[in-house]
Structures are given as C-alpha cells and as structure tokens.
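*Asks:* Before I ask anything, here is the structure I am working with.
Readers should treat all values here as calculations from the given coordinates under stated rules, not as data from a laboratory. Treat the numbers as computed from the prediction; the structure is a model and nothing was measured. Cβ placement follows ideal geometry from the backbone for every residue including glycine, while neighbour counts extend to all protein chains displayed.
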Amino acid sequence: MVAASQHPNIQLMTYSEVTDVSGYIGNFDVTIKQKPRYVDHVKCTGCGTCTEKCPTKVPSEYDLGIGKRKCIYIDFPQAVPSKPVIDAENCRYLKTGKCGICKKICPTGAVDFEQKEEFITEKVGAIVMATGFDLFNWEEAYGEYGYGRFKNVITGLHFERMSNASGQTGGKIIRPSDGKEPKSVVFIKCVGSRDEAKGKEYCSRACCMYTAKHAHQVLDKIEGSSAYIFYMDVRTPGKAYDEFYRRTVEEGAQYIRGRVSKIYESGDKLIVMGTDTLLGKPVTVEADLVVLATAMVPSEGSDIIAQMVGCPTDKDGFYQEAHPKLRPVETMTGGLFLAGACQGPRDIPDTVSQASGAAVKVVALLNNDQMATDPMITQIDEKMCSGCLVCKEVCPYKAISEKTITERIAGQPVERVVANVNTGLCQGCGNCTVACRSGAANLKGFTNQQVLAEVDTLCR
Amino acid sequence: MSIVNETKEFNPIIVGFNCNWCSYAGADLAGVSRMKYPANVRVIRVPCSGRVNPSFVLRAFQKGADGVLVSG
Amino acid sequence: MELINVNESISKNADFIEQIGIESGQPVQKCYQCGKCTAGCPVAFEMDYPPHQVIRMVQLGMKDELLKSNTIWICASCSTCSTRCPCKVEIAHVMESLRIMAGRSGTAPVGKAKYVEVMYNALLSTVERYGRTYEVGLVMQNNLKSGKLFNGADMGLPMLQRGKLKLMPSKIQGAAEVARIFAEVRKMEGGVK
Amino acid sequence: MRYAYFPGCSYHGTGKEYESSTHAVAKKIGMELVTIPDWSCCGATASHGKSHLLNIALPARSLAIAEGMGIGEVTTGCAACYQQLAHANIRMTESEEIRDKVNKITGKEYKGTLKVKSLVEAIGIVDPETIKPLIVKPLTGLKVAAYYGCLLVRPPEITGFDDPENPVFMDNMMKLAGAEALDWAHKTECCGASLGVSNLNIAVRMINKILKAAVESGADCMVVACPFCHLNMDYHQKSVNKQLGTTYDMPVFYFTELLGLAMGISPDDLGLKTHFTDTQKVLNQVG
Amino acid sequence: MAKRIGLFVCWCGSNIGGVIDVPKVVEETKNFPGVAYATDYKYMCSEPGQDTIVKAIKEHNLDRVVVASCTPRLHEPTFRKTISKAGLNPYMFEMANIREQCTWVHSDDKEGATQKAIALIKRALAKVSKVEPLFESYIPVTKKALVIGGGIAGMQVAIDIADAGHQVILVEREPTIGGKMAMLDKTFPTLDCSA
Amino acid sequence: MLKRLLEYVGFEPGRFQARWISGSEGAKFTTTIMDMTENIKSLGPNKKMRDDIV
C-alpha cells in the first residue's frame, strides 16, 4: 500500500469517485469527484489527537460493525493515507453546528468544515477497472441458517477481522454473543456459491483456501479447540494450495462432505444439522461459533461504473472480458481493461497476476504516441444519410455521434445533421448497418454488396 | 441455376451467418474436435450477428437456399 | 458389498432415468450430491437409502433397488428437501414418482414401508367407497392388511369418548362421482390398483 | 370476507374442536364460511403416492363445485387439504392440457378461477384493527410456541404466503391475542403426518424432537393449524412418553382455540374438553 | 480495370488433400470470373508456400488473393502480411475455410466435402471481387492511465504501470486504499501478513 | 420479427433459425446443423421464394 502511495508516477485519490467518462481508447475524458474530507490533508500531520478527542462513536465499517470508530477517523493504523476524514453523516458539528472539538484541538488547523466536494477532470489514454467484490448478502436468503438472527453465525470476513491483530479483539477469536473463546467452530462452505436456488451458480474460488486457513487458525490459536468444515468439494488448484489444505487436515480439522440444512440455537450452543455424504448419514455438530464462507459478488456500485464507461457485464454482474482465454484482461471496449475480482471471483495470487497482465496491456498501449485503428469499421455515406440517427441508438460502443455538415443545394449552403462514426470507438460489429434505413451506413470489409455477392454465390 | 432434382434424395442448402467471435469459432471448434455434420451448410463469416441484415436472409431464400441459420 | 457395473446399470435403465425425469418434472441430473436434503430430512433416520443417495441412484439408473427401497414410502412428503435444494430439484416429487412407479411395476413394499402403503390404500379405498375418509373403517382395514390387529385400538376408546370417532361412515351424495374419478384415472393410466 | 369452506375429512373426527373453534372465531370477526356442498376427500397424503392424475382429480372435484358457488376464494383449516387444493389449483391453472384431462376425469368443469388460501392466511390477513377490539380476555403472559409444520409453508412454489424457514403469521396472531410468541427452533420441522398412523414408532421420534424444542424454548403451550399436527402433538404425546420414557405435558391448541379464548368464547364452545393433554393449566393461567 | 484474382488452394498435408480432390477443386473454380491464376500447394502457410503467393502476385500481376485453407481465425493475419510484402493492400484478401468447416467435419463424405469446398471457394472469390483497399487510420494516445479501485488489484496495476514509466491516477472511494485485502489477517498459502 | 414476416409470406418457420452458439460450443453447432438439416429435409425444398421458380 505504501508502495502505491509513494510512487512518483502515481497520483492517489482516495475518498473519490469517478462520476463521468467519455471519449475512446487513447483519449478518455474522466471526471472524478473528491468527496469532502473536512480535513486539509496538506496541513494534517496525522498526529491523531482529533480522533482521540472526538466524542461520537459509530460502528466501524472496516471492522464490519464488530468494533466502533470515531466520527473523525482513520480506518486502521496502517491506513494509506494515514490522515483522518470526517464522516459527515454522523458528525455533530456538521449536523447541528455544535461540538467542533476536533477543529479546536488540531495543532495545525487542518480541520475545515467548509470543505465542499470538488470535481476534477482528467484526460487519460487507458482505464483499468479494479472495483473488486463484496460478500453475498446471505442474511436475506438463508432462513435455515437463521437469517442472521444468531449472533454466533458470522462470515469469513468477520472472522478475519477477529483474528487480525489490528482488529477490535486484538487477534483473539471470540463468540460475538458473550465474548467467550469458542471451542467448537463449524465452517460452512459455498454459502451463496454453487447455489442456484438461493445465490449464485458459480464457485467463488477463494473460499476453500481461506476456510482451510481459518480452521488452521482456530486449531492454532485456541487450545483444545476443534474445527469442522462442511464442504462439497475441496478446490485447491494453486501452487502449494493442496499441501496447505492437507496440512490443515493433519492438524485435526474435520472435513465433512455435505451441505448444512439447518442451524438452530439450543442453550448457548448452535446445533448444525448436516450430512456426511461419504457415510451416507445425517449428522449434527454442536458449535460455539459458525463461520460461513459466503459467495463473492460484484462490489456495490460496480454496475453504475460499468454503465458509465460502457463496460458489458455478465449475468452475475461481473465485468465481461473480451475473451475468457485469449483476452482475459481486455474488454470489448478499446482501452478498457480489467483487473481482479471485478471480472470474476478470484484469490490474491490470481488477482496480482491478472493485475500485472492488465498493466502490461496498458503499458503496451501507452508506449505509442499514436495507434492504428482497425479499418473494418462503419463508414457513413453522408450524401445518403438522412440524419435519423437510429444508428446512434443501436451502437453498443457509443461510437456514433451527430455531426452538422454544410451542403450546397441549388447553390445555397444548407446545414444538415448526419451520423458520424468515431474510428476509435467503432468495433466493426455492423449493428448500425442493419438499422440504417437509407443504406448510408456500410461496414468496411463486410459491405452489403460483399455479403450479398457471397450469398448469391453460395446459393447457386 | 440448377433446379433441384426431385428424384434424387433431397439435400437442402443451408446458409449460415456466423458471428466471427462466437459461432464461427464454435464451428471451428467442431472441426478441431473432428465432429461430423452434414456437408450442406455453408457459412458466411460476419463480424457480429447484429450485422445480418434481414435482406441478406431474404436474398438467400430468393436465390434458392432451403434454410438459413443466423447464430451469434 | 455388491459390485455395481455402472455402464450396464445406466444403459439398461435409460428408459427409467428418462421416465423419472418426465414424470417428476425434476432436473435430476443437476444434483451434485451436496446432501442438504438428507441433512434436513426429518425421517432420514428410518430410511434404507438417504434422500441424496436416492437421487444418485436415479442418476445411475438403479431401478430395482429404488423401487424396493423403503425410503420412497417412509418419505413424509414434507418438502423440506425441495425447499432447500440448491439445484432446485424437488426431491419430494421424485419420491412421489418413484412410489407411483413402484405401484405400477407391482413391486410390493415390505416392513415399515408396507404399513405405509397399506394405510394409503385403506384411505383411498374408503374415499372411493364413501367419497370421504372413514376413520374407523380406515383403521380397521389398515390393521387387517398390515397384520397389526390391535394397532391403534387403544386410540379408539378415548377418541370415541371425546366424540372424535364416528362409528358409521358418512357417504356423500356424490360418492358415485368420486368412484368415477378413480375409475377414469384407472382407465387412463391403465391399472392403478 | 366470504369464503367457500372446505372442512376436510377430520372435521367431525379427530379435528372436531378445530372445526367448532373455527366457526366460533369466524363468526366473531365477521368472516362468512360457506361450506362447499357435498365436498369430497382431497386425497390427503395418500393419493400422491398412487397417481399424479388422481392426486389432482380428487381435489379438483371440490374445486369445481366451489367455483360454481360464485365465491372467488376457497379456504380450509387442514394443512394437508390446503396443500392438495392449492396444488391441484396451480397445476390446473398453469396447464390447459392438465385442466382438460382432469375435467374429463371428474366429469366437472373447473375453469381455474379460484384462489386457495389456508385458514391461517385467511385470518392472518384480516386487518389487525378489526381483531384488536374483539380481544376481551388477552392471553397475557402466556408463552406460545407456534408450530407450522410442513404443508402450510412448503413447498413455497405452492404455498408462498409466508416464509418457509421462519413463518410468522401465527406468531403475529398470538401477539394480537396478547400472548408471547416464542422464537424457537422447530417451527417448520415435520411431525411425521400419517406416519403417526402407519408407523407410530417412527413418528414418535419426530414428535419428540419438536416437543423437546418447544419445552426448551420455555413454552407454556403449542399452537397448531392442522388436524394432523394436532393429532400427533396432542394425542401422540402420550405415545412418545410411553415409548421414549419422556414426561411431556404440553398442551397443544389450534390457533383458532386460543384466538377464541382471547375473544371471550367459552372453552366448551371451542371444544377444549376434547384434548388429550390437559388444557386446564393454561385455562387457569389465562383466567 | 479488370480484376485479377489469385487463388491458392492448400492441401494442408492430408488434412485437406486427404479428404477432397484438390486438383478437381482448382479445376472447378479457376474459371470463376476474375480468376487470373489458380494453383495448389502442400502447405500454403509455410515459407515456400508464402513465397509462391508473392511470386505469383508479381508474375501474374494479381490485384487480389484468395487462399483456401484453414480458418481465417488462424492464418488471416499471416497471409495479409504475405500479400502486403508483394505490394498489395492487405485487405485485398479473403480466405475460404475448407479445413475446420469442411474436410475435418465431413471426412466421411468426400464427395459432399469436395462440393462444399468448391462452394466455399466460390464464396470467397465472390467476396474478394468486391473488396477495396482499406487503410488504417491513426489516433493519438494520452499517456496516462486511470485505475478505478484501490484494492489489491488496483494497487498492483497502478504500481506496474507506474514502474513502466507512465502516469497513473488511482481512484478509491474509501478513505484508504487496500480494499478487502487490508481487512484480512494472514493470507494463504504462505500465511504471510496481508498489509 | 423477420421470422414473423417470413411466416406471413407463407414460409415454414423451421427454415429460418437464430441460435446463440458461443465459441466453446462446437457440439451445439453440430447438433443445430443436424437438427436443422433433418427438419428441412422433411419440409422439402424451398419453392416459395426462389427467383427461378416464381
């Protein structure tokens, strides 16, 4: 993270959102909204006095609500940048005009309640989508697991926050209900994944491995503990992955092949009703804590960005690559590339490799001062074009715009609107040629005349 | 233009308009996998099934095609 | 343990596999054996094959074993499995179709499964005769056929005392119409007992 | 509120008190239940083990008669009857082919215009403001475990009125009646249904599991909406005690009985005397 | 000006030549209007094969070319380069796919395959008679990249592009970069720290 | 839409098909062709629209 923030060629814009994208490969115009932080990050030294004194506490998003944070806050100690922002929704001063303690005590006078959102426009040659993933909202779908009513049923990410030394529990694994150390922990895989009925059909790819890691952590950190993992398949296709999983099994993790049908509370225990399909028998496990490996889904808001930049998505909302094998980091839109889980669920090693792959594609593009475009694109015969612009509507790449031309009719100059194809954006799909009623749009390399000649010859 | 000989077994002519990225590749794959299908289909490569103008299809029928397959 | 020749089983019973798919309307091939059906099944403890194995056996065409199994009769049709199946297979429908097939093929259930079948038949025969269920007749017929003569006899008296049993059947006016339903179905399906 | 009413075969048999309390409560809240003339058995859990067609045709006869009554909606108290009627209704509205075939079998024309609601739903959707003033003897302090069983809520494609994993309709009604509705583990576990008749030794284990969860939740009583659930929970409680050596003494009510009590209807009129487990302690508790 | 088409039919060893009668195919198609030269060769895509094309273009003054061989998805770029070496516009070219979509799938019907190959070649000839030279156009490139999302993927992309010497704007909607990764404890399979 | 037009002029619907076949579905392409060939064989030659017959 520090590497990314300190690189002289990287301009880091946190607390910012892309709000508009136009243009085409090599020539995009983007607008970025800088949300008000209410702290001048030039003046701020990151001393942290303000976060100590702030009187308002709210649940920490970063800790998934397990812990609390102040209203002027830094997400976590190693955060980059390590300077605070004020959460306007909860800040007393911004809501009621009273308080302002942070402003009073800030030694450098960096707190600025007058900050407004700013819009910055930039020209770029390439865009990389790296919007990542969110976790499937299992509480809405899994009634048989209690709809989130049982405090001791948590997700893998919650578990990470507990076992992370910088988290609220300081690395101690506890039961959220009473803070006690759980002795029996049940892990359930594929919650939402590979579940057409309730969630997603796909495999989320990382869960097998992180669940093995969690089981290892339970056995490692909690004395006398036991870990049970309900699974359908163990998928470990990565270097040193299967060895890791085997080691976890040898450490004593009990893998049970079957899905869990129901969890219910009995006393302060959770009863997990599952099957051991290898035995062919239903089984129950008493648990202190249940950890669900929930499916990865596209991150919230990724659909909005997709629409903005014209990036197609698949049926699950992940960004669609140009070709799954041959062009996995490119999209059908020129100059737009994909990295990480926004394209589909993946783990860290895969994400890093894919990100480097996308970077090479970007570099290959940016290394040129100018680029050649495929000549097999649409050509508009301006004389025939009626200016109806139906073609503009059907173009999936937003490559067609209107253009005003001047013609001389009976010696008089007359202005008229015609369609205009952007050679950078046009991908040569030919949709416009079908929509064009006047026959003005033609696709070079696949002209009407050419295709008809082919048809005629073939049918003979 | 030859008139179909009704006494011989009728062998229809099917014209396929295949998208370069999808079904044309699919047809290639069928070849690579050495699958077998009747030899009466003739494929025209188009950049996208959206390129197929209805008039192409009508023209094919006019010129004697017995079937047309548009696939994307 | 019996050795199963998989290609033989599948090729010999291809019709059966297809038929189950059609009759139950369920995409049985989708099942990937997660076992959630068995995990939630309230009667799995009494079954000779747990529900997920029944689906597996359908996939492999193990017709004879399936039609003889007690599972298909013990199943209480509570649909817990159907409701929770991640592959949207309504397992309860598959069980129903297997029961119907067993009946059609004349495979007689034994033991506990027999009692279930006898009870179903007893109930339906009172319905066929009177148009409605006739509880005393049902229990009597049930006991005769299942050989458990005094089953539920201790139930009769307290029921009677509370006015919960009518000794005489009440025949509805449309009993003939109901009988006709049975007859028509038999005609259409050819030999439902 | 007018419904074509399908009593079901246990209406004057094992489910007698359900019948009487249903009518008593319906009268109070102004719901008119018009019995379907000459209705016949729905086929219960038996017909779907015999024939797919028979399974639809048996309830179809009653549906056809009900359609002729000119009341758009059918209701029934029995969960099994409800599911049979709803299932047949869905199949016959979905597919013209099945409808024609079944109509040929029944010799009656069912067009598929009806809606089928369970009694729980029919009463559950009544505006709470209508019911509130009728609660004259609120069941204050009574802890109730609402038991829904299977057929009311499953499969959701057919039933679909309440959540199959955590239904709340009866809970809400009990709250309306002044009682405390408990959140407990086995609201929708299956009681074994007709296994109680054919294989009691299987059913007792299923019943035991449910009773155990109800006791653990601290319930004073259970409330059900199905004659079969009632038979198994109430009558067979004693069989469970006998076979498994347990000592359950858990009163089991129909939801209409508790609603009726809260509305001030006398226990006799509701038919509370005919239970097998002692209801007196609950009656004492709610005064 | 009259069109002068060159037709080159490939045997692809026995892949094509083993199924259809290549000489017959050449015979049947060489009289298609516009064809000025027609020949066949064992492996058209090999260096001598390509040389054959270049030589023929020069000797017979060809202005457009059809190659009947494998799928254009494989060798279209190859042959485009070949003919531009001979001074033709690379788009004055068409391929007939007589391998993947003909001989490989109809090896059990040699006569049908031969007929189909003839039809497919005629199709390509018909198309090539209508083609016109096409020219690529050039657009400028802004040497800066935008990365949306500052998680592990976004950071890695940004660093790699930046290391290659280009400017990068890394946009993150949260106050800190790091994304989900920063929330994790140790990471598999090496159990090293994530931050 | 085109399909409806073709039907309107008295064309058998089986003669015109639109299918989604992805690059990884060689088998689907094959079966589509086989089905279509069978289908059209049973329909007989296209006589309705041929220029030379009309």
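*Asks:* For residue C:12, list the aspartates and glutamates whose Cα falls under 20 Å from its own Cα; do not include residues on the same chain fewer than 8 positions away.
*Replies:* C:2, C:23, C:64, C:65
*Asks:* On to the next question. Taking 27 Å as the cut-off for C-alpha to C-alpha distance, list the pairs among D:50/D:242; A:198/A:315; C:171/D:50; A:262/D:143 that go past it. Could you put the intermediate results ahead of the total?
*Replies:* Details: D:50/D:242 33 Å; A:198/A:315 15 Å; C:171/D:50 23 Å; A:262/D:143 24 Å.
Exceeds cut-off: D:50/D:242.
*Asks:* Can you give the Kirkwood hydrodynamic radius for the stretch D:1-53, in Å, rounded to one decimal and based on Cα pairs? All intermediate terms of the calculation are to be shown ahead of the outcome.
*Replies:* Details: mean 1/r = 0.0793 Å⁻¹.
Computed over the stretch D:1-53, the radius equals 12.6 Å.
*Asks:* Then there is this: Once all Cα-Cα distances of the stretch A:30-140 are split into 5 Å bins that start at 0, what whole-number percent is in each one?
*Replies:* Going out from 0 Å in 5 Å bins, the stretch A:30-140 shows 2, 10, 18, 19, 18, 13, 10, 7, 2, 0 percent.
*Asks:* Filter A:200/E:144; D:175/D:238; A:221/C:30; D:115/D:137 down to the pairs with a C-alpha to C-alpha distance above 31 Å, please.
*Replies:* Working: A:200/E:144 37 Å; D:175/D:238 29 Å; A:221/C:30 40 Å; D:115/D:137 34 Å.
Listed pairs above 31 Å: A:200/E:144; A:221/C:30; D:115/D:137.
*Asks:* Also, I was wondering about something else. Report the calculated FRET efficiency for residue C:173 and residue D:238 (r = Cβ-Cβ distance, R0 = 35 Å), to the nearest 0.05. List each step's numbers first, then the result.
*Replies:* Values: r = 38 Å, r/R0 = 1.08.
Efficiency at R0 = 35 Å is approximately 0.40.
*Asks:* Now, a different point. Check cross-link reach from residue E:110 to the lysines: straight Cα distance under 30 Å, and skip same-chain residues fewer than eight apart.
*Replies:* Straight-line reach from residue E:110, under 30 Å: B:8, B:36, B:63, E:24, E:30, E:42, E:122, E:127, F:28, F:41, F:47.
*Asks:* Using modelled backbone amide H atoms (1.01 Å from N, in-plane), which distant-in-sequence or interchain residues come within less than 5 Å of residue E:68's amide H?
*Replies:* Amide H neighbours of residue E:68: E:8, E:9, E:10, E:96.
*Asks:* Here's another thing I want to ask about it. Where Lys and Arg each count +1 and Asp and Glu each count -1, what net charge lies around residue A:384 among other residues with Cβ under 14 Å from its Cβ?
*Replies:* Numbers: positive: A:383, A:416, A:437; negative: A:381, A:382, A:407.
Result for the local shell: 0.
*Asks:* Further question on the same structure: Against the longest principal axis of chain A, how steep is helix A:207-221, in degrees 0 to 90 to the nearest 10, with axes from Cα atoms?
*Replies:* Rounded to the nearest ten degrees, it is 20.
*Asks:* Separate question: How big is the stretch A:160-257 along each principal axis, measuring the range of its Cα positions in Å and listing the largest first?
*Replies:* Between the extreme Cα coordinates on each principal axis of the stretch A:160-257 lie 35, 30, 25 Å.
*Asks:* Taking θ = phi - 60°, what integer Hz values does the Karplus form 6.51 cos²θ - 1.76 cosθ + 1.60 yield along the stretch E:120-125, in sequence order, with x for Gly and Pro?
*Replies:* 3J(HN,Hα) across the stretch E:120-125, in whole Hz: 5, 5, 4, 4, 5, 5.
*Asks:* Hey, can you grab everything whose amide H is under 5 Å from the amide H of residue A:18? Only 5+ residues off in sequence or another chain; H modelled, so Pro and N-termini drop out.
*Replies:* Amide H to amide H, under 5 Å and 5 or more residues apart or across chains, residue A:18 pairs with A:33.
*Asks:* While we're looking at this one, here's another question. At a temperature of 10 °C and a viscosity of 1.306 mPa s, determine how fast chain A diffuses translationally according to Stokes-Einstein, using the Kirkwood radius over alpha-carbon pairs as Rh; express D in µm²/s, rounded to the nearest whole number. Before the final figure, lay out the partial values.
*Replies:* Working: Rh = 26.5 Å.
Here the translational diffusion coefficient equals 60 µm²/s.
*Asks:* What does the extension gain come out to for residue D:163 and residue D:269, with contour length at 0.36 nm per residue minus their alpha carbon separation? Present the calculation step by step, with values, prior to reporting the outcome.
*Replies:* Details: separation 106, 0.36 × 106 = 38.16 nm, distance 3.25 nm.
Additional length available on full extension: 34.9 nm.
*Asks:* Which net charge results for the neighbourhood of residue A:237, defined as the other residues with beta-carbon distances under 15 angstrom from its beta-carbon, given Lys and Arg at +1 and Asp and Glu at -1?
*Replies:* Values: positive: A:205, A:235, A:239, A:246, A:346; negative: A:233, A:242, A:243, A:347, A:350.
So the surrounding residues net to 0.
*Asks:* I'd like the Karplus ³J(HN,Hα) series for the stretch A:309-326: coefficients 6.51, -1.76, 1.60, θ = phi - 60°, whole numbers in Hz, and an x wherever there's a Gly or Pro.
*Replies:* Taking θ as phi minus 60°, the curve returns 9, x, 9, x, 10, 8, 5, 9, x, 6, 5, 8, 6, 5, 8, x, 10, 8 Hz for the stretch A:309-326.
*Asks:* Please list 3J(HN,Hα) in residue order for the stretch A:260-266, calculated via the Karplus relation 6.51 cos²θ - 1.76 cosθ + 1.60 where θ = phi - 60°; whole Hz, with x for glycine and proline.
*Replies:* Couplings: 8, 8, 7, 10, 9, 8, 9 Hz.
*Asks:* Let me ask something else. Counting Lys and Arg as +1 and Asp and Glu as -1, what is the net charge of the other residues whose Cβ lies under 11 Å from the Cβ of residue E:109?
*Replies:* Value of the local net charge: +1.
*Asks:* Just to verify a number: FRET efficiency for residue F:24 and residue A:315, C-beta to C-beta distance, R0 = 25 Å, to 0.05? It would help to have the intermediate numbers written out before the result.
*Replies:* On the way: r = 16 Å, r/R0 = 0.63.
With a Förster radius of 25 Å, E is 0.95.
*Asks:* Can you give me the long-range amide H partners of residue A:327? Hydrogens built in the peptide plane at 1.01 Å from N, cutoff under 5 Å, separation of 5 or more residues or another chain.
*Replies:* Those qualifying (amide H under 5 Å, at least 5 residues apart or on another chain) number zero.
*Asks:* Label-point separation (nm) for residue D:246 and residue E:163, each offset 7 Å from Cα along Cα-to-Cβ?
*Replies:* Result: 6.5 nm between the two label points.
*Asks:* Which shape class applies to the stretch D:214-256: rounded if a/c is under 1.5, otherwise prolate when a/b exceeds b/c and oblate if not, where a ≥ b ≥ c are the square roots of the Cα gyration tensor eigenvalues?
*Replies:* On the way: a/c = 2.85, a/b = 1.30, b/c = 2.18.
Note, shape of the stretch D:214-256 comes out oblate.
*Asks:* On to the next question. Could you work out [θ]222 nm for chain A from helices alone, using -39500 (n - 2.57) per DSSP H run of at least four and dividing by all its residues? Round to the nearest 500 deg cm²/dmol. Show your work: numbers first, answer last.
*Replies:* Numbers: 13 runs with 106 residues, N = 460.
Helix-only estimate at 222 nm: -6000 deg cm²/dmol.
*Asks:* With r as the distance between the Cβ atoms of residue A:196 and residue A:247 and R0 = 30 Å, compute the FRET efficiency 1/(1 + (r/R0)^6) and round to 0.05. Please list the in-between numbers first.
*Replies:* Values: r = 33 Å, r/R0 = 1.09.
With a Förster radius of 30 Å, E is 0.35.
*Asks:* A further question follows. For the stretch E:37-53 and the stretch D:217-269, write down the distance between their C-alpha centroids in whole Å.
*Replies:* 91
*Asks:* Once you've got the Cα coordinates, tell me which of A:403/E:143; D:117/D:281; A:281/C:68; A:70/A:183 are over 25 Å apart.
*Replies:* Values: A:403/E:143 28 Å; D:117/D:281 33 Å; A:281/C:68 20 Å; A:70/A:183 33 Å.
Cα-Cα > 25 Å for A:403/E:143; D:117/D:281; A:70/A:183; rest within.
*Asks:* I've got another one for you. State whether the stretch A:378-459 is rounded, prolate or oblate according to the following rule on the C-alpha gyration tensor (a ≥ b ≥ c being the square roots of its eigenvalues): a/c under 1.5 gives rounded; otherwise a/b larger than b/c gives prolate, and the remaining case gives oblate. Working shown, then result.
*Replies:* Details: a/c = 2.65, a/b = 1.52, b/c = 1.74.
Since a/c reaches 1.5 but b/c is at least a/b, the shape of the stretch A:378-459 is classed as oblate.
*Asks:* Under 10 Å, Cα contacts only: if you run a Gaussian network model on chain D, which one of D:132, D:50, D:238 comes out with the highest mean-square fluctuation?
*Replies:* Maximum fluctuation in the GNM of chain D, among the listed residues, is at D:50.
*Asks:* For chain C, which cysteines have no second Cys with its Cβ under 4.7 Å from theirs?
*Replies:* C:31, C:34, C:41, C:75, C:85, C:87
*Asks:* Oh, and also: Antiparallel as a % of all DSSP beta bridges within the protein assembly as shown, to the nearest 5?
*Replies:* If we restrict to bridges inside the protein assembly as shown, about 40 percent are antiparallel.
*Asks:* Once you charge only the Cβ atoms, +1 for Lys and Arg and -1 for Asp and Glu, what is the size of the charge dipole of the stretch A:181-254 about its Cα centre, to the nearest 20 debye? Present the calculation step by step, with values, prior to reporting the outcome.
*Replies:* Values: 12 positive and 11 negative charges, 46 e Å.
In debye, rounded to 20, the stretch A:181-254 gives about 220.
*Asks:* Can I ask one more? Based on the Kirkwood radius over alpha-carbon pairs, what is the Stokes-Einstein translational diffusion coefficient of chain B at 10 °C with 1.306 mPa s viscosity, in µm²/s? Could the numbers behind the result be given before it?
*Replies:* On the way: Rh = 13.2 Å.
For the chosen part, D equals 120 µm²/s.
*Asks:* Moving on to the next point. Cα axis of helix A:448-459 to longest principal axis of chain A: angle in degrees, 0 to 90, nearest 10?
*Replies:* 80
*Asks:* Further, regarding this structure: How long, wide and thick is the stretch D:2-121, going by the Cα atoms along their three principal axes, in whole angstroms, largest first?
*Replies:* Principal extents (Cα only, largest first): 42, 29, 23 Å.
*Asks:* While we're here: At a temperature of 20 °C and a viscosity of 1.002 mPa s, determine how fast the stretch D:137-286 diffuses translationally according to Stokes-Einstein, using the Kirkwood radius over alpha-carbon pairs as Rh; express D in µm²/s, rounded to the nearest whole number.
*Replies:* Values: Rh = 15.4 Å.
Estimated diffusion coefficient is 139 µm²/s.
*Asks:* While we're looking at this one, here's another question. For residue A:58, project a label point 7 Å along Cα to C-beta. Then give me every residue of the stretch A:86-112 with its amide nitrogen under 18 Å of that point.
*Replies:* A:86-103, A:112
*Asks:* May I pose another question? Within chain D, which complete DSSP H helices have Cα atoms spanning at least 24 Å along the helix axis and a mean Kyte-Doolittle hydropathy of -1.0 or higher? Before the final figure, lay out the partial values.
*Replies:* Values: long enough: D:52-68 (25 Å, 0.82).
Those that pass (Cα extent of 24 Å or more, hydropathy at least -1.0) are D:52-68.
*Asks:* Against the longest alpha carbon principal axis of chain C, how many degrees, from 0 to 90 and to the nearest 10, is the axis of helix C:112-130 turned?
*Replies:* The answer is roughly 50 degrees.
*Asks:* Setting aside same-chain residues fewer than 8 positions from residue A:33, which aspartates and glutamates have a Cα under 15 Å from its Cα?
*Replies:* Those aspartates and glutamates meeting the cut-off are A:17, A:20, A:117, A:118, A:122, E:172, E:174.
*Asks:* Something else about it: Please compute, for the alpha-carbon atoms of the protein assembly as shown, the extent along each of the three principal axes and give them in descending order in Å.
*Replies:* 114, 99, 73
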